[in-house]
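Worksheet for the structure shown next.
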C-alpha cells in the first residue's frame, strides 16, 4: 500500500497535502515552455511572416528560428523522457498508475468521474493526485508527445549535415508515410497540443475556483488543500494510507 503525506492544516481547517514533487513540477514547466517556443518557431518555419529586403546572410532570421526550434526540441524531448522515467522512479502521485487505470478501484473512479463530467451525476470523487479521467487524458497527451518527438527526429534527420549522428533517425519519417506526411502529422499534432494547453489552463483555473483545493497553486508549491473528510475519502478511493499529518 502506498502513502500520501499531509503535513499541516490551513485556513478553513483544510489539510495541506504535498502532491507534486520538484521533478514533476520542473518537467511540467520545461515541457509547457518548450511547447510554446516550438510552436512559435515552428509556425514561422512553416510560413515565414517576415521577409528581408537585404541578403539573408546578415539577417539569418530563418536560421535563428531553426536554431531556437532545435534547441527547444532537445529540452522538450529530454523533459518528456525524464517525466516518463519518473513515472517508474518517483512517488505514488507521479507513478504511471496515475495515468493508466490498472486496478478495479481506479476503474470505478474513472466511471464515477466520467459520469460527473458528463452531467449524469452530481457526485464527484475526491482524489489526492490526478483523477482517473484526467490520468487517461494525460496518457493521450503523452502519446501526442511521442508522435511529436518521432516525427521531429525524422524531419531533422532528413536535413542533418553529412556525417551527423542524427541520420540514425532517418527511417522514422518512413513510419509516418514519408517526409511530407510526417511534416503534416507534426504540424497537426502541434495544434492538438496547443488545444490541450488552452483546455488544461482553463480546467486548472475552474477547478481551483470551484473546489478551492489550491489546484492551480499546486504546480508551483506542490501542495493541495483538502478538507479532512475529502482527504480521508481520497485516501480510500486511491488505496493510500495517511502519514505525518499535523495541524498548522
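The values are calculated or read from the model by the stated rules, or taken from the named source; none is laboratory data. Remember, predicted model here, so these are calculated numbers, not experimental data. We place every Cβ from the backbone using ideal geometry, glycine too, and count neighbours over all the protein chains shown.
For segment 127-139, state whether one or more residues are at pLDDT below 95, surrounded by 15 or more Cβ atoms within 10 Å (Cβ to Cβ) and over 17 Å from the mean Cα position of the chain (by Cα).
Checking segment 127-139: at least one residue is at pLDDT below 95, surrounded by 15 or more Cβ atoms within 10 Å (Cβ to Cβ) and over 17 Å from the mean Cα position of the chain (by Cα).
When the residues of segment 167-180 are filtered to those that are part of a helix (DSSP H, G or I) and surrounded by 14 or more Cβ atoms within 10 Å (Cβ to Cβ), which remaining residue is farthest from the chain's Cα centre (by Cα)?
Out of the qualifying residues, it is 167.
Tell me, which helices (runs of 4 or more DSSP H) wholly within segment 1-90 include 2 or more residues that are surrounded by 15 or more Cβ atoms within 10 Å (Cβ to Cβ) and either over 27 Å from the mean Cα position of the chain (by Cα) or modelled with pLDDT of 95 or more (or both)?
By residue number, 22-46, 61-89.
Taking segment 185-229 on its own, how many of its residues are assigned to a helix (DSSP H, G or I), in contact with a helix residue (DSSP H, G or I) (Cβ under 8 Å, 6 or more places away or on another chain) and surrounded by 13 or more Cβ atoms within 10 Å (Cβ to Cβ)?
18
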